[in-house]
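Working notes, beginning with the structure itself.
The values are calculated or read from the model by the stated rules, or taken from the named source; none is laboratory data. Just so you know, these numbers come straight off a predicted model, no measurement behind them. Counting neighbours? That spans all protein chains shown, and the Cβs are built from the backbone with ideal geometry, glycine included.
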Amino acid sequence: METSGPVVYIVDDDEAVSRSIAMLCGSVGIGARTYATAQEFLADLDNLRGGAIVLDMRLPGINGLDLQQRLRDRGVHTPVIIVTGYGEVPDAVR
């Protein structure tokens, strides 16, 4: 769902998870865009307009933490929420 307001960008290779988060956003009137890979999201980065980014920690290619660092290096200050089905203390600390 797209709106003229902020958008939640969902980067997750699990289509069911992406779809669920997008539906949740839509249910409260927030737009959502989904991406299956970090590379796909980076290719669309110029279209980023406010909102927030939801990143899966374990993505094929570039993982969520590395993507967050790349965004930071590019000066992107959009809030990031990292989600994962795997709870590992070293990753949480990082």
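Computed values, structure above
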item: Cβ pairs under 7 Å, 6+ apart, first in the stretch 34-52 and in contact (Cβ under 8 Å) with a residue 24 or more places away in the chain, second small (Gly, Ala, Ser); result: 34/18; 34/22; 37/61; 38/61
item: Selection within the stretch 1-50 - of a type in the set (A, V, I, L, M, F, W, C) and touching an Asp or Glu at 6+ places or on another chain (Cβ under 6 Å); result: 36
item: Complete set of residues in the stretch 39-66 that are over 23 Å from residue 5 (Cα atoms) and modelled with pLDDT of 95 or more; result: 39
item: Residue match in the stretch 81-94 (condition: at pLDDT 90 or above and farther than 22 Å from residue 14 by Cβ); result: no
